[in-house]
1. From the list A:Thr541, A:Thr506, A:Thr510, which one is in contact with a helix residue (DSSP H, G or I) (Cβ under 8 Å, 6 or more places away or on another chain), within 7 Å of another protein chain (Cβ to nearest Cβ) and among the β-branched types (Val, Ile, Thr)?
2. Considering only segment B:459-489, how many residues are more than 7 Å from chain A (Cβ to nearest Cβ), closer than 23 Å to A:Phe466 by Cβ and either touching a Cys at 6+ places or on another chain (Cβ under 6 Å) or free of Cβ contacts under 8 Å to residues at least 40 places away in the same chain (or both)?
3. Going residue by residue through segment B:368-381, is there one that turns out to be of a type outside the set (Gly, Ala, Ser), within 12 Å of another protein chain (Cβ to nearest Cβ) and free of Cβ contacts under 8 Å to residues at least 24 places away in the same chain?
4. If the requirement is being β-branched (Val, Ile, Thr) and in a loop (DSSP other than H, G, I, E, B), which of these qualifies: A:Val273, A:Val240?
5. Here are some conditions: (1) in contact (Cβ under 8 Å) with a residue 60 or more places away in the chain; (2) out of contact with any His (no Cβ under 8 Å at 6 or more places or on another chain). A:Thr115 meets all but one. Which one does it not meet?
6. Please find, among A:Ile227, A:Ile241, A:Ile217, the residue that is more than 19 Å from A:Val354 (Cβ to Cβ) and outside the structural domain of A:Val175 (by TED's automatic domain parsing).
7. Pick from segment A:420-448 the residues that are under 18 Å from A:Asn21 (Cβ atoms) and hydrophobic (A, V, I, L, M, F, W, C): which of them is modelled with the lowest pLDDT?
8. Suppose we filter segment A:341-354 for residues that are more than 9 Å from chain B (Cβ to nearest Cβ) and surrounded by 22 or more Cβ atoms within 10 Å (Cβ to Cβ); how many remain?
There are 2 protein chains.
Amino acid sequence: MAMEPTLKYIPLGGVAEIGKNMSAIEYGDQIMVIDCGLMFPDEDMLGVDIVIPDVTYLVENADKVQGIVFTHGHEDHIGALPYVLRQINLPIWGTRLTMGMVRAKLEEHGLVETTEMNIVEPGDRIRLGQFDIEFIRVSHSIPDGVGLAIHLPIGAIVHTGDFKFDQTPADGKFVDFARFAQLGQEGVLLMMSDCTNVEKPGHTPSERVVANTFEEIFAGARGKIFIATFASNINRIQQVIDVAVRFGRKVAIAGRSMARNTEIAQELGYLKVPPDTWIRLEEVKDYFPVEIVVLTTGSQGEPLSALTRMAMDEFPKVKVEPGDTVVISATPIPGNEDLVMRTVNHLFKRGAEVIYDAITPVHVSGHANRDELKLMLNLTHPKYVVPVHGEYRHVVKYAELAEEVLIPRENIFVMEVGDVLEIGPEGASITGKVASGDVLVDGIGVGDVGDVVLRDRRHLAQDGIFVIVLSIDKATGEIVAGPDVVSRGFVFMEEAEELIEEAKETVLNTVSEIEVDASTEWSAVKDDIRKAVAKLLYARTHRRPIVIPVLMEI
Amino acid sequence: MAMEPTLKYIPLGGVAEIGKNMSAIEYGDQIMVIDCGLMFPDEDMLGVDIVIPDVTYLVENADKVQGIVFTHGHEDHIGALPYVLRQINLPIWGTRLTMGMVRAKLEEHGLVETTEMNIVEPGDRIRLGQFDIEFIRVSHSIPDGVGLAIHLPIGAIVHTGDFKFDQTPADGKFVDFARFAQLGQEGVLLMMSDCTNVEKPGHTPSERVVANTFEEIFAGARGKIFIATFASNINRIQQVIDVAVRFGRKVAIAGRSMARNTEIAQELGYLKVPPDTWIRLEEVKDYFPVEIVVLTTGSQGEPLSALTRMAMDEFPKVKVEPGDTVVISATPIPGNEDLVMRTVNHLFKRGAEVIYDAITPVHVSGHANRDELKLMLNLTHPKYVVPVHGEYRHVVKYAELAEEVLIPRENIFVMEVGDVLEIGPEGASITGKVASGDVLVDGIGVGDVGDVVLRDRRHLAQDGIFVIVLSIDKATGEIVAGPDVVSRGFVFMEEAEELIEEAKETVLNTVSEIEVDASTEWSAVKDDIRKAVAKLLYARTHRRPIVIPVLMEI
């Protein structure tokens, strides 16, 4: 009799939040992939545009991989798809809105023709190789989010996706509580659970509470109303439109991603907009201020976003003016607080009333808080648990929470990217590691910006660069031309003539000490010049620019 | 009869928080200065170490300036003093602990001998020219903080300093409520009020609540306890020491500023430490883990701080190990959240239990919340009000708050740096602007990093630099040596040979198209080379490094 294959769960990159962007389930000789998202770079990844998962493991096992299943349409779950499809072409599955957003992305990258796209409804059950996969509706900050149940001979796996238990969802579509409970009754071998909000007590408020706040704001507003939120939060946008219609205001859109997402959502029926509600930004000036709502991107204070440009008075199509109200209907993502508050300061300078999270509840999270996380565990009571979608501290805190609902500690797995959790009849353990991690994308370069380039960028950012160029007669050691100095980001050159002269003298002195003959090692000469100049510059400024001597031998 | 002089209030730099680092009061031909602090640079001030106020106005009116009065010893109120004293030597006044910290700073800069330092007690009243100045005790996150009352023929001015109303101060030293009330009875012409926490409802909790949390943490800890807090929060440090002594733990210190501040505070009697409590970091290993507390810097996740290095396992003297407890007794300053959470993640990876603000209340603010701000207004009921020590949004929100307690809107002044508020018998208004703002300090350069250098640093950080060097015979146009390429922060050079070869070819092609004669404009040639190479690099990478051609004419 053939041995029963083991089950493997492998979180792949990005490394910041475990298993968020991508993970793999392997059973026997088949692999299925969950999600294919990107991260935005950390502050110290200078110049990097996006971060995508390293899919070496999938490419090396291309014959095993059956396809990719999406939980929802956020960038951190779908955004890396065009990059990954270029490395390994796979069929993909997702709900209608998710696939609408995926399709738009593939269109941009010219990948629609070559990709097999499949649309499912929450509640559907599909077969992907031997993976028998159910899509189970959950609530999240984008419509059409699902968790997964994956049935295999060894047992059932539940993956929650990003979720919350919203008891009064804005779109009237409820979490499929019953199915999760039923799965719990039938027996769940392994659950991967969202743990993003494990630091937050109780329950996340319902999306509906935001509508009440909007209602109050609209009732009190005397001028235009600007509302900045995530472009993918279609339910939030629907609530804005509903209130706008009730108060007789037209709605204009600022920001490319907001325009694109609302278009997709409206086309697919996820956004219901009465006729004569939309107007173009250019038409705003034809209305009285009390007749206008502007839906805009920029809720994270992104420097080039519509809202930030309005705050700086650099957005010609529509102005934020005294008497206007600006609502920032989002919480700053950690690291963005400063940018958001800078935007808020500037909006106040424009004379607007600004309503932001620190003052008024104009945002709710899309993730389950502690009591919801416990409820999910108690509904499904899985044998083994892996917290996913969190940073390391969240994962550790979730492990503690799972213990509180009596999951044995040894059945909870705190994993890192590439770790292989293997489950067989004998039990579960982390048995190995596969190649994965972050791949940096800068411009059209994928993976060509690595540690060396980043280290140089950090150094350049800190103290700039100082290049010394001279032409030397290699026979005599005589300097034929130069030294010339090129410097950027170090000191303001026009005011540093004296220092530059000193640097040139230092170069001349260093070179004059060399006895030139056939054995002269020019690389050593360059090194001497570099050290002498760096020493001078540090003494004069206490800065350490990158110093590069260029010797042209003639 | 001579006309009564008007009173002027002028907030000077830094610009981020109005009137926080420095402000001036002018009456007739005399000026007094309040505080002399620094700011830490914004994220986009790359490479800048600190930001100090532009004191041009004081230097230009040096004969009028009587001296500087400090409200408390935080860096943002005293830190720019050495730089300012080098521009204008002034006598200084402050309470004992404040002056202890000022003295340490002046010692570092070799300025003790040349500076007239005066120590006052809360409750004291001094004469500075015609300014009759009272020091009034307030509570804050550093001991010995004071507000000021300044009596002039035209009326009394109250400056709150940074304050909160702590009803159970950890050091038993209460806000001088009575004196503020009495001043209100006598009549206050103008009040400058701290508005930092105007976004926060109710009252700031007392410093004492932290002691209760510490008590619980110590009772439950099985290993070493690390506590990270602001090095100047002497009352917090005292509470740590008290609990440590009660639980029979020794206390070691990590981090230079923590060592320096505790030494000053202990010397001056602000920190009471029983004998045999301190041990050196090197001695930690001689004790059982349950006998140890380490007080450390790094509560803001600063990359080079002791705590961050411990988190990364790069701090040889003492290790964070499984079973240890780390308490981050501080709230991230906006912009630092990401750094702090990164440190927390790494501490969890070391196996420590980490207690931070998101989970447990281990920190309270040093600033008054809304109800306390209203109480201060109602105690002093000033005629004119200027919110200070906040960003623009705080200042605007405070103006709204002041209206709630019936200060007429036209008597509340939202000011920006350099604005001159002038008050005479006829009323008050902003009548002008003086030169002020931020001066950037990088290394030992004060003010030599300006917009051009910062713009270059941002550009370098984003896409790096690409320098092309060639020697040209200026008579013939022949290339004698080169082109050579030097690049940093653009692509990893060793893997970009092809691109570099292409760039060199582009240079050769560009030069070969030139007809050289006496009229050849080499600067135009350089420009052609720059454009051609930049175009190539963008086409190949979608990046825009700084491209610099260097032509050596031989």
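1. A:Thr541
2. Matching residues across segment B:459-489 total 2.
3. No, because not a single residue in segment B:368-381 is of a type outside the set (Gly, Ala, Ser), within 12 Å of another protein chain (Cβ to nearest Cβ) and free of Cβ contacts under 8 Å to residues at least 24 places away in the same chain.
4. Answer to the check: A:Val273.
5. (1)
6. Sole residue among the options that is more than 19 Å from A:Val354 (Cβ to Cβ) and outside the structural domain of A:Val175 (by TED's automatic domain parsing): A:Ile241.
7. That would be A:Val446.
8. The number of residues fulfilling the criteria is 2.
The values are calculated or read from the model by the stated rules, or taken from the named source; none is laboratory data. Since the model is a prediction, treat every value here as computed from it, not as a measurement. Virtual Cβ from ideal backbone geometry, glycine too; neighbours counted across all protein chains shown.
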